[in-house]
Amino acid sequence: MSTPLTMRMLDTTVSAGPGLRSRIVERPGLTLAPADLAALVEDVRSVARSVLSDGDLTYGIFSGNKETLSRTVLTVVYEKKSGRPVAFNSLAILDADLGGRSVEILHLGLVMVRPDVRGSGLSATLYGMTCVLLFVRRQCRAVLVSSVTQVPAVVGMVAETFSDVYPGRPGARRSFQHERLAHQIMGRWRHAFGVGDEAGFNADRFVITDAYTGGSDELKKSFDSAAKHRIDIYNDLCAVELDYDRGDDLLQIGQIDMRAASRYLAKVAPPDTVLGLLGRFALLMIRAALLPLVHWLDHTQPWGSLRAWKT
């Protein structure tokens with residue numbers, strides 16, 4: 001029997017492109033039966049085994065730890081005909097404090113795609129679709145996101161997809177909110193993305209030094225082998241800021257809001273198509289009319305940025 005908690009958690013299947021489907025499960029450690037949870041974890045491990053040449057990872061979701069999976073959002077892509085898992089994305093849900101209130105941060109964790117299906121745009125689908133659905137399920141309130149990576153393609157994807165990202169596009173400004181969240185992530189949650197206690201953190205540049213010592217050793221790359229972004233500014237950012245021999249990572253913090261959701265929609269449904277036009281119109285209608293009503297009726301949540309005036 002479903003409890004109020006499980007009824008509110010996201011567990012849905014959506015199309016992920018021709019011949020593919022995605023299953024998105026929020027906090028599977030809390031919501032799934034043991035057999036279903038074990039099967040989902042094995043699907044993720046099978047994708048990882050196809051990618052890694054020297055064994056499996058030893059931290060996070062691969063351990064099958066129920067507590068870890070209770071603060072995770074898993075997206076697994078399957079072939080519709082065979083049912084074979086071909087890709088996955090793992091988002092960690094991190095608790096933090098901001099301005100005296102508790103907030104959640106969606107940490108953009110691992111994305112892995114089987115080598116034989118790469119190049120089909122699945123990475124953007126895995127990140128974007130999951131985050132947009134979570135954004136909508138949270139009544140379209142801005143959702144904080146973070147990412148730790150040394151891969152230029154991921155650095156650029158985060159900067160181009162989400163809003164208010166630092167470090168990101170040229171001229172991106174580091175705010176007090178960025179700094180406060182960064183210190184909490186590094187102080188409380190480094191184990192969630194496989195960074196050991198001995199790793200350093202440069203708070204001015206948001207660079208984690210010697211990051212690959214906490215169970216994520218298999219993910220360390222050279223600059224030459226790391227996937228590059230189509231926009232060279234992100235490749236140059238990583239080349240300048242990160243020491244790949246030492247094993248540095250860039251910590252990025254941003255958020256998904258209506259602007260980010262609209263940008264993602266424009267990528268998957270170009271504005272010159274009927275679907276794109278209808279989608280953008282729907283977003284405008286939600287922002288102008290429906291959201292204030294939804295937030296006004298929900299007395300358990302603050303209005304935040306949707307309030308019509310500032311006190």
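Please treat every number below as a calculation from the coordinates, not as lab data. As the structure is a computational prediction, the values presented were derived from the model and not from experiment. Note that each Cβ is placed from the backbone with ideal geometry, even for glycine, and that neighbours are counted across all protein chains shown.
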Restraint check, K228/K267; K80/K267; K80/K220, Cα-Cα greater than 28 Å: K80/K220
Simple spin-label estimate for D204 and D36 in nanometres, 7 Å along Cα-Cβ: 5.1 nm
Hits among aspartates and glutamates - C-alpha to C-alpha of K81 under 17 Å, sequence gap 8 or more where chains match: D43, D116
In order through segment 71-82: 3J(HN,Hα) via Karplus (6.51 cos²θ - 1.76 cosθ + 1.60), integer Hz, x for Gly, Pro: 10, 10, 10, 9, 10, 10, 9, 10, 6, 5, 6, 8
Nonlocal amide H pairs with L20, under 5 Å, H built at 1.01 Å: K80
Global geometry of segment 206-266, whether rounded, prolate or oblate, following the gyration tensor of its Cα atoms and the 1.5 cut on a/c: prolate
